Structure formats: C-alpha cells, structure tokens
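Engineer: First the structure, then my questions, so here it is.
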Amino acid sequence: MGSQEREPIEILLAEDNPGDVKLTRKALDQGDLLNNLHVVNDGVEAMKFLKSEGEYADTPMPDLLLLDLNMPKKDGRQVMEDMEADPELSRIPVVVLTSSEAEEDVVRSYELSANAYLTKPVDFDGFVEIIGHLENFWFEVVKMPPK
C-alpha cells in the first residue's frame, strides 16, 4: 500500500539540538512514508504536546515518539516515567534516539518501557539509513494499536 493511500503518520520528535532536528526532518523527508513531524525542544513541552495542553490543544496524538534522553527542563527518562504512569500515553511507542551509548542509559530506557533504543549516527547517510529502517519497522512491519 503506498503512502498516498494512508493517513500521514504523526511523529513527535522531542529533541533540543537544532542540528539533530534538521537531520531527522531531512531523513524523514527522504523516506517513503507520508508523515507529519511535530517538534518540541524539551521534556516539559513533550508532555504538554502528549496531553494536548495549552498551545498543543488541537494537535493529534502521535503514532510514535522519537525521544532524546538529554533535554532541558525534563529529560527523556522523566518523560517516559510520566508516560508510563498514564494509561493513554503508555500505549504510544517510544524510540529513544540519543547520542548516549552508556549501558546504564540503555538499561534504564528499557526499564521505563522504551520500545527501542537507537544511537544517533554521526553522519547524514547513516542517519537517513537508521530513520528509513525505523519507518519501515514501525509503520510497515509492526501492527500498531488503534488510536
């Protein structure tokens, strides 16, 4: 089924690094799936988006959250803790997309119900490749829960 036959995939990217936001946007644009990328720059904004609060009152529930671990105000671990405690939010797949390769970050992310842990590649081609695999897996292979 081609992307023109589907609704756009709603992706929330919680990332404070403008360069990584730009890379992610470019990588998603090169993919085969129609998507709407929403970007927030810290964990507090991520939770407001997920709960449709304030300026995010009319935003759609994301199909996938791409979550950086190290953000200001509220880090990715705290976001996952908040999501895990909320029955509605706990159903949203979370892919940790971070520069950290620390074993304790990997272990803790999975303890907090992350669905995947990806280390950001340093080059653009690697980034495009990993985002392509991510799109294919989450939106072509995996059966997602209904919204």
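Engineer: Considering only segment 83-105, state which residues are under 17 Å from the mean Cα position of the chain (by Cα) and either buried (at least 18 other Cβ atoms within 10 Å of the Cβ) or over 22 Å from Glu10 (Cβ atoms) (or both).
Structural biologist: Met83, Leu89, Ile92, Val94, Val95, Val96, Leu97, Thr98, Ser99, Ser100, Asp105
Conditions (1) touching a residue at least 12 places away in the same chain (Cβ under 8 Å); (2) surrounded by fewer than 21 Cβ atoms within 10 Å (Cβ to Cβ), marked per residue:
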site: Glu10; (1), (2): yes, yes
site: Ala14; (1), (2): yes, no
site: Gln30; (1), (2): yes, yes
site: Val39; (1), (2): yes, yes
site: Leu50; (1), (2): yes, no
site: Glu55; (1), (2): no, yes
site: Met61; (1), (2): yes, yes
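Engineer: With respect to the numbered conditions (1) over 18 Å from Glu135 (Cβ atoms); (2) touching a strand residue (DSSP E or B) at 6+ places or on another chain (Cβ under 9 Å), which one is the sole condition not fulfilled by Ile11?
Structural biologist: Going through the list (1) over 18 Å from Glu135 (Cβ atoms); (2) touching a strand residue (DSSP E or B) at 6+ places or on another chain (Cβ under 9 Å), Ile11 breaks only (1).
Engineer: Hey, does segment 40-60 have a residue that's part of a strand (DSSP E or B) and over 22 Å from Pro121 (Cα atoms)?
Structural biologist: No, segment 40-60 contains no residue that is part of a strand (DSSP E or B) and over 22 Å from Pro121 (Cα atoms).
Engineer: Of all residues in segment 106-132, which are aromatic (Phe, Trp, Tyr), without any contact (Cβ under 8 Å) to a residue 60 or more places away in the chain and surrounded by fewer than 16 Cβ atoms within 10 Å (Cβ to Cβ)?
Structural biologist: Tyr110
Engineer: Which count do you get for residues in segment 80-131 that are within 19 Å of Leu50 (Cα to Cα) and among the β-branched types (Val, Ile, Thr)?
Structural biologist: Result for segment 80-131: 4.
Engineer: Take the residues in segment 132-147 that are of a type outside the set (S, T, N, Q) and over 23 Å from Leu50 (Cα atoms); name whichever of them is modelled with the lowest pLDDT.
Structural biologist: Val141
Engineer: Check segment 67-81 and report whether any residue there is in contact with a Pro (Cβ under 8 Å, 6 or more places away or on another chain), of a type outside the set (Asp, Glu) and closer than 23 Å to Thr24 by Cα.
Structural biologist: No, because not a single residue in segment 67-81 is in contact with a Pro (Cβ under 8 Å, 6 or more places away or on another chain), of a type outside the set (Asp, Glu) and closer than 23 Å to Thr24 by Cα.
The values are calculated or read from the model by the stated rules, or taken from the named source; none is laboratory data. Please read these numbers as outputs of a predicted model, since none were measured by experiment. Don't worry about glycine lacking a Cβ; one is built from the backbone with ideal geometry, like all the others, and counts go over all protein chains shown.
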